[in-house]
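S.K.: Encoded as structure tokens, here's the structure I'll be asking about.
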Amino acid sequence: QVQLVESGGGLVQPGGSLRLTCAASTSIFSRYAMNWYRQAPGKQRELVATLTNLGSTNYADSVKGRFAISRDNAKNTVYLQMNSLKPEDTAVYYCNARRVLSDIWGQGTQVTVSS
């Protein structure tokens, strides 16, 4: 069973940056699309960014131009670079690997944007 482990969350001031990391226990990027989701208190989980197995990316409108998803195949790691952070970006961020009949989640990492 593939495991995903997120790290890199924390407290940052508005306008600051963070880079989240999602480490996969095995090589899966050629078979899975990788996604970052987030869930703020009292809100539904929302899709933030996608990186397909072919390398295409897609972003939620709320983060376009500020966030970037990337991967390092050699390290089995996916990143989410978050710049120009806003208080409304505060949430638990989850890494997800998805393909037909398979949906794998990490445990989440808290991101808090506050002065």
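The values are calculated or read from the model by the stated rules, or taken from the named source; none is laboratory data. For clarity, every value in this text was computed on a predicted model and none was experimentally measured. Cβ: placed from backbone, ideal geometry, glycine included. Neighbour counts: every protein chain shown. Only protein heavy atoms, including side chains, enter the accessible area calculation; ligands, DNA and RNA are left aside. Shrake-Rupley method; radii C 1.70, N 1.55, O 1.52, S 1.80 Å.
S.K.: Quick one: would you say Gly55 is under 18 Å from Val113 (Cβ atoms), out of contact with any Leu (no Cβ under 8 Å at 6 or more places or on another chain), without any contact (Cβ under 8 Å) to a residue 40 or more places away in the chain and not in a strand (DSSP E or B)? Working first, answer last.
M.R.: Numbers: under 18 Å from Val113 (Cβ atoms): no; out of contact with any Leu (no Cβ under 8 Å at 6 or more places or on another chain): yes; without any contact (Cβ under 8 Å) to a residue 40 or more places away in the chain: yes; not in a strand (DSSP E or B): yes.
In short, no.
S.K.: Go through Val78, Val111, Val63 for me and flag whichever is in contact (Cβ under 8 Å) with a residue 40 or more places away in the chain, aliphatic (A, V, I, L, M), open to solvent by less than 70 Å² (accessible area, probe 1.4 Å) and over 14 Å from Ala24 (Cβ atoms).
M.R.: Val111
S.K.: For region 23-41, how many residues are surrounded by 16 or more Cβ atoms within 10 Å (Cβ to Cβ) and either in a loop (DSSP other than H, G, I, E, B) or among the aromatic types (Phe, Trp, Tyr) (or both)?
M.R.: The number of residues fulfilling the criteria is 5.
S.K.: Same structure again: Yes or no: Tyr32 of a type in the set (Ser, Thr, Tyr) and in contact with a Ser or Thr (Cβ under 6 Å, 6 or more places away or on another chain)?
M.R.: no
S.K.: Confirm whether Leu20 is of a type outside the set (Val, Ile, Thr), outside any loop (DSSP other than H, G, I, E, B), more than 16 Å from Trp105 (Cβ to Cβ) and at pLDDT 95 or above. Break it down stepwise before answering.
M.R.: Values: of a type outside the set (Val, Ile, Thr): yes; outside any loop (DSSP other than H, G, I, E, B): yes; more than 16 Å from Trp105 (Cβ to Cβ): no; at pLDDT 95 or above: yes.
In short, no.
S.K.: Within region 42-51, identify whether any single residue is touching a residue at least 40 places away in the same chain (Cβ under 8 Å), over 23 Å from Val113 (Cβ atoms), open to solvent by 30 Å² or more (accessible area, probe 1.4 Å) and not acidic (Asp, Glu), and answer yes or no.
M.R.: no
S.K.: Those residues that are surrounded by 12 or more Cβ atoms within 10 Å (Cβ to Cβ) and of a type in the set (D, E, K, R), I need them from region 81-108; list them, please.
M.R.: Lys86, Asp89, Arg98, Arg99
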